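Q: Could you have a look at this structure, given as structure tokens, before my questions?
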Amino acid sequence: MSTQVTFLLPNYIVQHATGGLLLGDFNNWNAELGFPLELTEDGSLQTTISLQPGQTYQYRYLLNDGRWENDDRAHSYSAAEGMFIENCVIHVTEQAETVTDTPVIKKATPKK
């Protein structure tokens, strides 16, 4: 059974981008399989995808202005092998915090 997880990139990180993709382990970092981010009224970008509970995934956002961005509210961060960047990490549980019954990482507290 999968869990619906909403990824939200806040407007202060989005700045002037109007869209982008969510990429990560769950789609083999393949832009052709990326999950499109939708612009919200407040200028944030979000998407909801299905992930397996009990799994840990790395991810990042590729915005349509060419920037790669991290989620400043990720559960943790992991150094990307062979690169000088960190990927965001989410630990998916069945007991994730919810907003209207959808687990949302935007409510997660960063762990460093």
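The values are calculated or read from the model by the stated rules, or taken from the named source; none is laboratory data. A quick note: this is a predicted structure, and the numbers were derived from the prediction, not measured. All Cβ positions, glycine included, derive from the backbone under ideal geometry; neighbour counts span all protein chains shown.
Q: Condition first: in a strand (DSSP E or B) and either under 11 Å from TYR59 (Cβ atoms) or among the aliphatic types (A, V, I, L, M) (or both). Now tell me which residues in the stretch 6-33 satisfy that.
A: Scanning the stretch 6-33 gives PHE7, LEU8, LEU9, LEU21, LEU22, LEU23, GLY24.
Q: Among the residues of the stretch 95-111, is there at least one that is at pLDDT 85 or above, more than 23 Å from GLY19 (Cβ to Cβ) and not polar (S, T, N, Q)?
A: Checked against the condition, which is being at pLDDT 85 or above, more than 23 Å from GLY19 (Cβ to Cβ) and not polar (S, T, N, Q), the stretch 95-111 yields no hits at all.
Q: Only one of these conditions is not met by LEU39: (1) within 21 Å of ASP65 (Cβ to Cβ); (2) crowded, with 19+ Cβ neighbours inside 10 Å; (3) in contact with a Leu (Cβ under 7 Å, 6 or more places away or on another chain). Which number is it?
A: Evaluating LEU39 over (1) within 21 Å of ASP65 (Cβ to Cβ); (2) crowded, with 19+ Cβ neighbours inside 10 Å; (3) in contact with a Leu (Cβ under 7 Å, 6 or more places away or on another chain) leaves (2) as the failure.
Q: What about THR3, is it at pLDDT 95 or above, farther than 17 Å from ARG60 by Cβ and either in contact with a Ser or Thr (Cβ under 8 Å, 6 or more places away or on another chain) or β-branched (Val, Ile, Thr) (or both)?
A: No, not satisfied.
For (1) in a strand (DSSP E or B); (2) closer than 21 Å to THR18 by Cβ; (3) touching a residue at least 60 places away in the same chain (Cβ under 8 Å); (4) of a type in the set (Lys, Arg), each residue gets a yes or a no:
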site	(1), (2), (3), (4)
LEU37	yes, yes, no, no
GLY43	no, yes, no, no
SER50	yes, no, no, no
GLY54	no, no, no, no
TYR59	yes, yes, no, no
LEU62	yes, yes, no, no
GLY66	no, yes, no, no
ASP72	no, yes, yes, no
GLU81	no, no, no, no
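Q: Hey, another quick one. Looking only at the stretch 11-20, which residues are closer than 12 Å to GLN46 by Cα and either surrounded by fewer than 16 Cβ atoms within 10 Å (Cβ to Cβ) or among the hydroxyl-bearing types (Ser, Thr, Tyr) (or both)?
A: ASN11, THR18, GLY19
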